[in-house]
Amino acid sequence: MNEDNMNEDKFAKLRAKQSGNEGLYLEFEDKEWPFTYTDHDRQIVRAIVVDDEENYYFVRMERADEFGTVTLIETSGGGVEEGESSEAAIRRELKEELGAEVEILCKLGLVSDYYNLVHRHNLNHYFLGRVKSFGETKLTRDEEEEFHLKKIKLHYEEAVAAYEAGRDSRLGRLLAQRELPVLQRAKELLS
């Protein structure tokens, strides 16, 4: 069996194993900023994106705003638009931010967290996606000019180290809290 067939077989087994499984459910508080109130819930889709060589794809953001001046990595994703399914939303977001066409392998789970600074409750729907191809990104003006989003490719250990390094900022701690358990689950499923 050649390497491409072995990879396809591995992904087929993963799809079968996860069929109908909703995966993780995690809830986290924001302990970085004081809670005053929450004025909205945001439905968000995010993906752990991997290729056949087990490289992982993220966005690197550089921001200087109310959350601080930081450079961090984050899974690609964004808000679900009205009338849009979660799967359609994640395909759109991955195309926009990574320029990636992906095969959705499974839903990894749901992470509920808060950004107290902006009074928001996030419902993050995580997927595991396999890269089929890359094209051009289609970032929004804010993503380009305010967050300076860039696609990056990392090995699993490099991604974990990047999240850990980000823990020296308040936003970085929130991101690591939310994303490291999901990244670990994806790695377990891919093993």
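Among rounded, prolate and oblate, which fits region 29-94 when a ≥ b ≥ c are the square roots of the eigenvalues of its C-alpha gyration tensor, a/c under 1.5 means rounded, and a/b larger than b/c means prolate? Intermediate values should be presented prior to the final figure.
Values: a/c = 2.41, a/b = 1.27, b/c = 1.90.
Oblate.
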Check: Given +1 on the Cβ of Lys and Arg, -1 on the Cβ of Asp and Glu, and no further charges, what dipole in debye does region 30-147 carry about its Cα centre, rounded to the nearest 20?
Finding: 320
Checklist line | For region 163-168, 3J(HN,Hα) per residue [Karplus equation, 6.51 cos²θ - 1.76 cosθ + 1.60, θ = phi - 60°, Hz, x = Gly/Pro] | finding: 5, 5, 5, x, 5, 7
Checklist line | Residues of region 32-71 with amide N under 15 Å of a point placed 7 Å along Cα→Cβ from GLU145 | finding: 64
Check: For region 102-191, what is the charge dipole size about the Cα centre, in debye to the nearest 20, if Lys and Arg each add +1 at the Cβ and Asp and Glu each add -1 at the Cβ?
Finding: 260
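Assuming R0 = 35 Å, can you tell me the calculated FRET efficiency for the pair LEU180 and LYS132, based on Cβ-Cβ distance, to the nearest 0.05?
Values: r = 26 Å, r/R0 = 0.75.
So the FRET efficiency works out to roughly 0.85.
Would you mind getting me the FRET efficiency between LEU110 and SER191? Use the beta-carbon distance for r and R0 = 35 Å, nearest 0.05. Write out the running numbers ahead of the final one.
Values: r = 22 Å, r/R0 = 0.64.
According to the calculation, E is roughly 0.95.
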Notebook entry, point to check: Whole-Hz Karplus ³J(HN,Hα) for region 124-135, in order, using 6.51 cos²θ - 1.76 cosθ + 1.60 and θ = phi - 60°, x for Gly and Pro?
Noted result: 8, 8, 9, 10, 10, x, 9, 5, 9, 6, 10, x
Notebook entry, point to check: Once amide H atoms are built 1.01 Å from N in the peptide plane, which residues 5 or more positions from GLY109, or in another chain, come under 5 Å H to H?
Noted result: LEU24, TYR126
Next item on the list: Tell me what the chain gives for mean residue ellipticity at 222 nm when only DSSP H runs of n ≥ 4 count, each as -39,500 (n - 2.57), the sum divided by the residue total, rounded to 500 deg cm²/dmol.
Entry: -11000 deg cm²/dmol
Notebook entry, point to check: On average over all directions, what projected area in square nanometres does the chain have, based on the convex hull of its Cα atoms?
Noted result: 10.9
Note to self: Can you compute 3J(HN,Hα) from phi for each residue in region 76-85, using the Karplus curve 6.51 cos²θ - 1.76 cosθ + 1.60 with θ = phi - 60°, rounded to whole Hz and x for Gly and Pro?
What the structure shows: 6, x, x, x, 7, 7, 4, x, 9, 6
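Taking a 1.4 Å probe, which of GLU32, GLU179, GLU27 shows the most accessible area, and what order do the others take after it? Each step should come with its number before you reach the end.
Values: GLU32 40, GLU179 0, GLU27 130 Å².
The residues order as GLU27, GLU32, GLU179, largest area first.
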Next item on the list: Mind scanning LYS107/LYS132; LYS132/LYS153; LYS31/LYS107; LYS132/LYS187; LYS107/LYS150; LYS107/LYS138 and naming the pairs with a C-alpha gap bigger than 21 Å?
Entry: LYS31/LYS107; LYS107/LYS150; LYS107/LYS138
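The values are calculated or read from the model by the stated rules, or taken from the named source; none is laboratory data. Predicted model, so just to flag it, every value in this text is computed and none were measured. Virtual Cβ from ideal backbone geometry, glycine too; neighbours counted across all protein chains shown. What goes into the accessible areas is simple: the full protein's heavy atoms, side chains included, and nothing from ligands, DNA or RNA. Shrake-Rupley method; radii C 1.70, N 1.55, O 1.52, S 1.80 Å.
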